[in-house]
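First the structure, in the form of structure tokens, and then the observations on it.
A short reminder: the numbers here are calculations on the coordinates, not readings from a lab. On a predicted model such as this, the values are computed, not experimentally measured, just so you know. Cβ sites come from the backbone with ideal geometry, for glycine too, and all protein chains shown count toward neighbours.
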Amino acid sequence: MTATTDGSAGAVGPRAASASETSGTAPVRSGLDEAAARAAERSIAHLLDRQDAEGWWKGDLETNVTMDAEDLLLRQFLGILDAETTRAAALHIRGRQHEDGTWPTFHGGPGELSATIEAYVALRLAGDLPDAPHMARASAWVRDRGGIAAARVFTRIWLALFGWWRWEDLPELPPELIYLPKWFPLNIYDFGCWARQTIVPLTVVSAKRPVRPAPFPLDELHTDPARPNPPRPRAPATSWDGLFQRLDKAMHLYHRVAPRRLREAAMKVAARWIVERQENDGCWGGIQPPAVYSVIALHLLGYDLNHPVMRAGLESLDRFAVWREDGSRMIEACQSPVWDTCLATIALADAGLPPDHPALVKAADWMLAEEIVKRGDWAVRRPGLPPGGWAFEFHNDNYPDIDDTAEVILALRRVKHPDPARVEAAIARGGRWSLGMQSRNGAWGAFDADNTSPLPNRLPFCDFGEVIDPPSADVTAHMVEMLAYEGRARHPRTRRGVEWLLAEQEPNGAWFGRWGVNYIYGTGSVVPALTAAGLPGSHPAIRRAVAWLESVQNDDGGWGEDLRSYHERPWIGHGTSTASQTAWALLALLAAGERESKTVERGVAWLTDTQREDGTWDEPWFTGTGFPWDFSINYHLYRLVFPLTALGRYVNGEPVVSREGG
């Protein structure tokens, strides 16, 4: 057995050898077992074929057309929009339009107002005329939903850059925010890392209020062009909404009288903060939106396009582009190589690939090289904690995350590496760092500890998605599972995590999924963690979870859950069967000891029956989550790595977990 971070015994592989294997006799398999084994073999071959020469895997990360529209608007704002980029982006955007003229934010979802407005404006930039049938349908739908005035703040910011909306009619966020001490409400570290990286540059943009000449009017997107922004009713002053509405009015008054020297000094501090957080590849946080707003803010502060910071930033944005065979161009909001690589490594190992297989060793080498050993913004809340861990992207040293770190450690434990001391040292650092990021309530968030202030979500400026990073069941589950593998199932911090998870179980037996859709993801994450930490399959919480999964299995044998489950309860656990969600359900059921059940057999049969010849599955549905409901993700590798993991565990048994140690 391999040594763990605390010196206790850990897991060495996906499972223990059976008696038939140790005696040299092949186990007798049923027809379903054989079909599952063949399906796993096809998936293994496909996944191995997709590995990059450097050792990593990365699938496309598909979101929605606002990424493509905002990329064109940025280039128009900077004066660098070219015909080929415009043509390719427009081809992609047109291909995502619904028959009713709208654009959704996820496959099969309803039309969404802000996405439709931004897509419409992008197509206007590409030369599509307002009276073209597809454009007329879109503008009519927008007007019926309240027009531009009803769009989210970020959409109206983009329109204000070209005079299509008045800056005075947007919520105010002053750059002096950068000066608020870390203990003061609404300081920048009260925001989640993704929001923080976006808000700091946007305070500069909000202060500068730039307007570039509009290439065309947008009267057709207003319900009344002569009165584009009718006054909105105010909430009572005694309510949170009313309080923050009045605070926003005060900020607008301050904008008029802000001392010039103080404001200029604040913007210089913000610029320094932004530049200090630019990654080696030129991006910010490995995420497209903060990079876009950082480029705009620095440009407004005098950085010309040939400045090294700007040049690197613009080059990094080009790397978010995925060019398709049909000539279209899709923009990824982010890239997920570390996440994809650790999940692929786990899938291959659990499916039976030898732990010293060259592909696994190469993947481990790449992951080890991606370890983060410098301090980042997380240290604001944990100043004494030594660095360690892994991020999600190629380059994001300022923001390692707990979820990736836990899964990378689980992946590294499955590999027999020629330099075990190097692996042990990296795991020790990552384990220590992630354990130290535990929040006060015993659970873990994704990027920061105790990032739970309720105030940022109240700001009128923050009307789109999550802007804080509270602990979640799925991240906490991955930490508990990792700690159990490391021989720390009885560690006091692990037990606190287990207790928090048990308290978070929904009355129906499921767990909420923060970073995946939704209760199927949460339950598929938590049950394997609880059983790894020592809870028996007979535990009441496990039985309730099993009963819930059985109750939401589709008639075809698979599982699916629509994104609408985040705000419409009838959708919870319901939706078209998908490969990734079916796999999550199976991972929970297998961990609960349900391998021989009819429910598991039907789920495995669905996977084997729907597998494509190339070893993967069709999955246009979005099963990943950036912000619940507001920002959805289709991880194109999920349709491969999770089904392979489930099939591997069905064929080979559950991964071995040592429960020795403290």
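Couple of notes before you dig in:
- Charge context of Trp167, other residues only, Cβ under 10 angstrom, K/R +1, D/E -1: +1
- Label-point separation in nm, Arg50 to Asp100, each point 7 Å along Cα→Cβ: 3.3 nm
- Förster-model FRET efficiency, 45 Å R0, Ala214 and Glu34, C-beta, rounded to 0.05: 0.10
- Cα principal axis extents for region 458-524, largest first, Å: 46, 24, 18
- Residue-averaged 222 nm ellipticity for the chain, from DSSP H runs of 4+ at -39500 (n - 2.57), nearest 500: -14500 deg cm²/dmol
- For region 485-527, the gyration tensor built on C-alpha atoms gives a prolate shape. Its axis ratio a/c (a ≥ b ≥ c) is at least 1.5, and a/b is the larger of a/b and b/c.
- For Rg and Dmax of the Cα atoms in Å, calculated from these coordinates, the label among (i) 29.7, 90; (ii) 25.2, 84; (iii) 32.4, 115: (ii)
- Potential lengthening of the chain between Lys598 and Asp614 amounts to 3.0 nm, from the contour at 0.36 nm per residue minus the alpha-carbon distance.
- Multiplying the residue separation of Asp326 and His307 by 0.36 nm and subtracting their alpha-carbon distance yields 3.4 nm.
- Crossing angle, helix 337-350 versus the chain [Cα axis fit, 0-90 degrees, rounded to tens]: 20 degrees
- Rounded, prolate or oblate (a/c below 1.5 giving rounded, otherwise prolate when a/b exceeds b/c) for region 235-322 by Cα gyration tensor: oblate
- Overall shape: oblate for region 199-263, with the ratio a/c of the largest to smallest alpha carbon gyration tensor axis at 1.5 or above and b/c at least equal to a/b.
- Based on the Kirkwood approach, the hydrodynamic radius assigned to region 74-164 is 13.5 Å, with every pair of different Cα atoms included.
- Alpha-carbon centroid distance for the pair region 32-83 / region 457-529, whole angstrom: 26 Å
- Solvent-free Debye scattering, log10 I(q)/I(0), computed from the Cα coordinates of region 381-493 at q = 0.18, 0.23 Å⁻¹: -0.92, -1.35
- Put a dot 7 Å past the Cα of Ala425, heading toward its Cβ, do the same for Arg143, and the two dots end up 6.8 nm apart.
- Near the amide H of Ile331, within less than 5 Å, lie the amide hydrogens of Asp68, Val322, all on another chain or at least 5 residues away, with H placed in the peptide plane.
- Average Cα contact separation per residue, region 183-316, under 8 Å, 6 or more apart, as relative contact order %: 33 percent
- Counting only alpha carbon atoms, the long axis of helix 240-257 and the longest principal axis of the chain meet at about 50°.
- Fraction of the pair-distance distribution of region 445-593 above 23 Å, Cα-Cα pairs, percent: 37 percent
- Simple label model, 7 Å out from Cα along Cβ direction - Glu499 to Asp241, nm: 3.8 nm
- With Cα atoms, 0 to 90° folded angle of helix 420-436 axis to the chain main axis: 60 degrees
- Here the gap between His255 and Leu455, fully extended at 0.36 nm per residue and compared with their Cα-Cα distance, gives a gain of 69.9 nm.
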